[in-house]
Amino acid sequence: MTERNSPYDATRWHATTICSVRKGKDVVVGGDGQVSMGQTVLKHNARKVRRLGKDKEIIAGFAGSTADAFTLFERLEAKLEAHPGQLTRACVELAKDWRTDKYLRKLEAMMIVCDKDVSLILSGTGDVVEPEDGVVAIGSGGNYALAAARALANNTDMGPEDIIKAAMKIAADICVYTNDNLVIEKI
């Protein structure tokens, strides 16, 4: 077996589903807890959504390699300290480093980062994207959760936490790399 075909190869670890809904003055980020390697579920209750920043006023969720995500969380917290109260600027600075740094370029993860004013998607290709409608999702079940959350946000009176729960349930029913053991954080 070559190293590339090893079950321990990071490219065989499948992502997750992270979804965020901004509605009114509320922002909610939810993520599932499943960690998979190949066709095996290794863990059901991983915590992929967490609060960041000195005052814990920022919520971030990741999809991808766990070690890579923790590296990015640490780097983002350093950028937030350098640019207090400026989430977009901190994320742009992180994305620039992520894209240009030889070590960081190899990290395989995506992030959703939100505060009371802005929701952003960050990627290793230098993307820092703010959704038009306040609904965003990433990961292997991201498109399923995104479609469900958009439909519910635009066509119901449901609050953002209920939208996240329903959208993540739909994603978990469709995506084999997503479960319904949720971690939800609110601003």
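Read-outs: derived from the displayed coordinates by stated rules, not from any lab. Remember, predicted model here, so these are calculated numbers, not experimental data. All Cβ positions, glycine included, derive from the backbone under ideal geometry; neighbour counts span all protein chains shown.
For the chain, averaging the sequence separation of C-alpha pairs within contact (under 8 Å, six or more residues apart) and dividing by the residue count gives a relative contact order of 31 percent. Judged by the ratio a/c of the largest to the smallest principal axis of the C-alpha gyration tensor, segment 3-186 counts as oblate, that ratio being 1.5 or greater while a/b is no larger than b/c. For a test of the definition: using alpha carbon positions, the gyration tensor, and the 1.5 limit on a/c, classify segment 114-176 as rounded, prolate or oblate. Cα axes put segment 114-176 in the oblate bin.
Note on the chain: helix-only mean residue ellipticity at 222 nm, from DSSP H runs of 4+ residues weighted -39500 (n - 2.57) and normalised by residue number, equals -10500 deg cm²/dmol.
Around the Cα centre of the chain, unit charges on the Cβ atoms of Lys, Arg, Asp and Glu (plus for the first two, minus for the last two) sum to a dipole of about 280 debye. Listing 103, 144 from fewest to most neighbouring C-beta atoms within 10 Å gives 103, 144.
Among 25, 165, the ranking by other beta carbons within 10 Å of each residue's beta carbon, starting with the fewest, stands as 25, 165. In terms of other Cβ atoms within 10 Å, 70, 62 run from fewest to most in the order 70, 62. Since only 66, 136, 84 are under comparison, the one whose Cα sits farthest along the positive direction of the charge dipole of the chain, derived from C-beta charges on Lys, Arg, Asp and Glu, is 66.
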